[in-house]
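Only one structure is covered here, and it is reproduced in the block below.
Quick note: the coordinates plus some simple rules give every number you see, no bench work behind them. If you're wondering where the values come from, they're calculated on a predicted model, not measured in any experiment. Methodologically, a virtual Cβ is constructed for each residue, glycine included, from the backbone with ideal geometry; neighbour enumeration extends over all protein chains shown.
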Amino acid sequence: MRCSSPSDPHKVLVKRMIGLEGDWVQDRASTKTDRVPKGSCWVEDDNPYRVSGEVNGAVPLALITGRVLAVCWPPSRIGPVESEVPRGRVISVGRKRAEESSSWWT
């Protein structure tokens, strides 16, 4: 997804959305589990080995400005963005699990 930075509205971020309000999300280190607050979604860097430090966690839905459909750089990765949620890290509340629905976040 494309969103404005919570700390600098002039900065644009591209992140992977993995949870919606009410979901329980476990951090990558498996050290804690947080509930996504109402009116927010949970976002992370796409690369699990890189942490930008900008935003990894809850972001207000109002900051979302677009949907990322394709990768254009580097050329070796050109193609559609894979829609995936890390298995075992997200407990969806009141919805089908992401792997059961191809359009769970649209």
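The table that follows gives values for the structure above.
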{"read-out": "Selection from region 26-44 of residues that are within 12 Å of residue 92 (Cβ to Cβ) and touching an Asp or Glu at 6+ places or on another chain (Cβ under 6 Å)", "value": "36"}
{"read-out": "In region 1-47, the residues that are surrounded by 15 or more Cβ atoms within 10 Å (Cβ to Cβ), β-branched (Val, Ile, Thr) and in contact with a Lys or Arg (Cβ under 9 Å, 6 or more places away or on another chain)", "value": "18, 25, 43"}
